[in-house]
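Each value in this text was obtained by applying a stated rule to the coordinates, not by laboratory testing. Because the structure is a prediction, the values reported are computed rather than measured. When we count neighbours, we look across all protein chains shown, and the Cβ atoms used for this are built from the backbone with ideal geometry, even at glycine.
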Amino acid sequence: MSTSKELDPFESKSSVRFLGCVPALDDGWNGLFVYSLVFVPALDDLLPKSGISRTTANVGYYGGLLALFMIGYGFALAWSDR
């Protein structure tokens, strides 16, 4: 008979959160691939309708703003349990 306490992998809430997020990691990779395929054609279509000229610099600038928003959203999701 062992006197040591057996370790339960689901005892910690953080491990349960991590295991719950594992399927979402795959969705994130798929989303990055689709995002990169759709990004430039979508901005090429939307920028002129917003009154902004369709140049490579404008696509990069407004795409960078969108990317910063998405990164901030990801950090907020990661820090939401604190």
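Report the local net charge at Leu43: Lys and Arg +1, Asp and Glu -1, summed over other residues whose C-beta lies under 11 Å from its C-beta. Counting the neighbours of Leu43, the net charge comes to 0. The order of the peptides 60-67, 33-40 by mean Cβ neighbours within 10 Å, most packed first, is 60-67, 33-40.
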